[in-house]
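Just below is one structure, and these are the notes that go with it.
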Amino acid sequence: MKFTELNIDRRIKEALDKLGYSETTEVQSIVIPELKQEHDVIVKAKTGSGKTAAFAIPLIDAVVFEENKPQVLVLTPTRELAIQVKEDFDNIGTYKKIKTLAIFGKQPYKFQIQDLKQKTHVVVATPGRLLDHLKRGTFDASCLKYLVLDEADEMLNMGFIETVEDIIEQLPVKRTTCLFSATLPEKIQELTERFMQEPLQVHVKQSQIVDQQIEAYAYEISGAMKNDFLFKLIVHEKPASAIIFCETQEKVDTVYNMLIKNRVSVHRIHGGMLQSERLLNMEDFRLGKVQFLVATDVAARGIDIENISHVINYDLPMEPQNYVHRIGRTARNNKTGTAISFITQNDHKRRMRIEDYTNSSFEIRDNETILQTVVNHQSLSELKKKIVRKTKKNNELKKDITKLYFNVGKRKKIAAGNLVGAICALDDLDGDDIGVIQVQDTCSYVSILNGKGKTVAQRLNQTLIKGRTMRVEIAHNE
Ligand code: ADP
Ligand code: MG
């Protein structure tokens with residue numbers, strides 16, 4: 001189905017066009033009409049099949065712009081995924097001016113509370129922090145109409161279920177609830193009876209759990225060989241971009257240090273790191289500034305990075321469904337990819353569980369080719385040559401949008417309307433050129449659309465607002 005044929009707001013279609021989305025994926029063609037009719041849905045569709053837009057498009061369409069309180073809540077298991085989903089809402093909602101917040105732990109409450117007080121249409125959050133805001137009364141759920149559990153099986157798993165249930169209890173009963181994942185066990189049905197209403201089961205069929213677009217195979221090696229083998233393997237394979245999954249934070253650190261010592265272009269990510277470092281590392285990897293990412297399962301679910309050519313399971317995952325999620329970081333959106341696993345003698349049980357779950361046996365390859373790989377100056381520089389810079393998918397959209405900084409805010413009695421007034425008073429500018437507005441205590445930010453940001457900054461800088469001269473410039477950060 002073409003997006004142009006869908007019955008959705010033209011401003012959403014315009015954004016999708018700029019993002020390069022022309023036709024719906026299969027899951028989108030089924031789910032969008034259901035959500036438009038406010039049906040509860042439980043959706044199982046493979047990794048990388050476009051589930052985010054399957055809920056983001058109809059929910060952005062449903063959002064009432066004039067309402068100031070949150071109307072949509074999306075819960076995700078990790079902070080990185082919350083940010084990614086927020087960015088998808090930002091992109092698709094650009095021209096409808098949808099305001100989306102990402103709310104997660106290990107960040108100061110102060111700014112989150114300030115943000116939540118402002119007009120907010122959509123909140124994407126990790127459960128713990130969101131529950132805190134509900135308890136403190138700083139998240140107003142009274143206008144909430146949609147709840148999404150992304151990576152739903154994980155959200156209803158031991159680590160999260162109690163928090164998620166506590167959150168759901170405080171949401172309006174009359175709402176639409178939807179669950180999305182690539183792995184959803186049958187027994188989830190019973191769990192959901194309490195908080196969903198006659199949910200429609202959407203199961204986008206695929207012949208095999210492990211995608212045919214992923215070439216998956218394994219090496220049988222000893223634990224002691226893993227480091228040396230990994231290094232030779234990457235020199236042999238020369239992946240353009242790869243995630244290496246390890247079982248624990250300590251293993252991630254060890255593997256990372258080994259690769260750094262060998263001058264490989266690599267970052268790491270795990271739960272024991274500072275949040276700021278986690279986010280920066282992920283962003284660098286997303287933009288192709290580094291070739292490898294060594295990670296725990298925090299990066300296993302949902303993370304969508306363009307052209308990851310390889311996933312390497314340095315350790316097999318404990319949970320068989322995480323095998324599917326990990327390797328699903330490659331071969332996304334109709335591309336192909338390679339997944340390589342290391343299997344040791346101690347992995348007997350894990351291996352069986354994964355083989356049972358995926359209904360296929362590991363293809364074991366001969367170690368010799370890898371062991372004979374020559375590591376020298378030349379092979380290492382060939383490895384480095386494979387790095388490609390990546391652009392974000394919203395490039396086309398962003399080209400037209402400029403965020404402006406105004407050095408006036410609430411303390412100078414400035415409201416959004418004053419800024420809109422000043423901008424619309426300029427020749428050739430009207431409401432359609434203005435995107436999201438944030439008025440803070442001492443400054444404000446306004447996104448200007450349609451490539452007009454620079455001229456607005458030039459024309460408004462050093463002019464009067466409420467009798468005072470203001471400074472207006474292109475914002476470099478928030
Ligand atoms: P999932 O949640 O199913 O694992 P995502 O929602 O992360 O997958 O989407 C995977 C990739 O496909 C993303 O990069 C997204 O931008 C892209 N994508 C989604 N829908 C479309 C579409 N209709 N046309 C083109 N690209 C799409
Ligand atoms: Mg997803």
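The values are calculated or read from the model by the stated rules, or taken from the named source; none is laboratory data. Note that this is a predicted model, so its numbers are computed, not measured. When we count neighbours, we look across all protein chains shown, and the Cβ atoms used for this are built from the backbone with ideal geometry, even at glycine. Heavy atoms of the whole protein, side chains included, go into the accessibility calculation; ligands, DNA and RNA do not. Shrake-Rupley method; radii C 1.70, N 1.55, O 1.52, S 1.80 Å.
How many lysine pairs does region 297-414 hold where the Cα atoms are under 22 Å apart and the two sit 8 or more places apart or on different chains?
The result is 12.
Once the Cβ-Cβ distance between ALA425 and LEU274 is put in as r, and R0 is 60 Å, what FRET efficiency do you end up with, to the nearest 0.05?
Working: r = 45 Å, r/R0 = 0.75.
Step by step, r from the Cβ atoms, then E = 0.85.
Could you give the semi-axes, largest first, of the ellipsoid that matches region 400-474, computed as the square roots of 5 times the alpha carbon gyration tensor eigenvalues and rounded to whole Å? Intermediate results must be reported in sequence, preceding the final value.
Details: eigenvalues 63, 31, 24 Å².
Sorted largest first and rounded, they come to 18, 12, 11 Å.
Extending each Cα 7 Å along its Cβ direction at ASN461 and LYS410, get the distance between those two points in nm, one decimal.
2.8
Using a 1.4 Å probe and ignoring any ligands, DNA or RNA, find the accessible area of LYS119 and quote it in Å² to the nearest 10.
60
Give the Rg (one decimal place) followed by the Dmax (whole number) of region 214-384, computed from C-alpha coordinates and expressed in Å.
In order Rg, Dmax, the Cα atoms of region 214-384 give 15.0, 43 Å.
Per residue, how large is the accessible surface of the chain? Use a 1.4 angstrom probe and give square angstrom.
Details: 21920 Å² over 478 residues.
Result: 46 Å² per residue.
Share of antiparallel DSSP beta bridges in the chain, in percent to the nearest 5? Each step should come with its number before you reach the end.
Values: 15 of 64 bridges.
Taking every DSSP beta bridge with both residues in the chain, the antiparallel ones total about 25 percent.
If you count, for each residue, the other Cβ atoms within 10 Å and average over each peptide, how do 88-98, 423-433, 9-19, 168-178 line up from highest to lowest?
Working: 88-98: 23.6, 423-433: 13.0, 9-19: 18.2, 168-178: 16.1.
Listed from highest to lowest mean packing, they are 88-98, 9-19, 168-178, 423-433.
For the pair CYS143 and ASN227, how long in nm is the line joining their label points, each one 7 Å along Cα→Cβ?
The answer from the label model is 5.6 nm.
Report Rg/Rh for the chain, rounded to two decimals, where Rg is the Cα radius of gyration and Rh the Kirkwood radius. Before the final figure, lay out the partial values.
Details: Rg = 23.8 Å, Rh = 24.0 Å.
My calculation puts Rg/Rh at 0.99.
Label THR469 and LYS2 with points 7 Å out from Cα along Cα→Cβ: what is the distance between them in nm?
It is 5.4 nm.
Quick query: amide H of LEU200 versus all other amide H atoms, modeled in the peptide plane; which residues come in under 5 Å with a sequence gap of 5 or more or a different chain?
Close amide H contacts, sequence-distant or interchain: ASP40, VAL41, ILE42.
How would you classify region 3-203 from its alpha-carbon gyration tensor, with a ≥ b ≥ c the square roots of the eigenvalues: rounded for a/c under 1.5, else prolate if a/b is greater than b/c, otherwise oblate?
Working: a/c = 1.59, a/b = 1.11, b/c = 1.44.
Verdict is oblate for region 3-203.
Would you mind checking which residues have amide H under 5 Å from GLY288's amide H? H placed 1.01 Å from N; only 5 or more apart, or other chain.
LYS390
How would you rank 76-85, 236-245, highest first, on the average number of other Cβ atoms within 10 Å across their residues? Present the calculation step by step, with values, prior to reporting the outcome.
Details: 76-85: 23.4, 236-245: 21.9.
Going by the mean number of other Cβ atoms within 10 Å, highest first, we get 76-85, 236-245.
Using a probe of 1.4 angstrom, how much of the accessible area of the chain is carbon and sulfur, in percent?
Numbers: 10500 of 21920 Å².
Carbon and sulfur together cover 48 percent of it.
Let me check I've understood the local charge: for GLU363, count other residues with C-beta under 14 angstrom from its C-beta, Lys and Arg +1, Asp and Glu -1. What total comes out?
Details: positive: ARG351, ARG365; negative: GLU215, GLU220, GLU355, ASP366.
Once all neighbours under 14 Å are counted, the net charge is -2.
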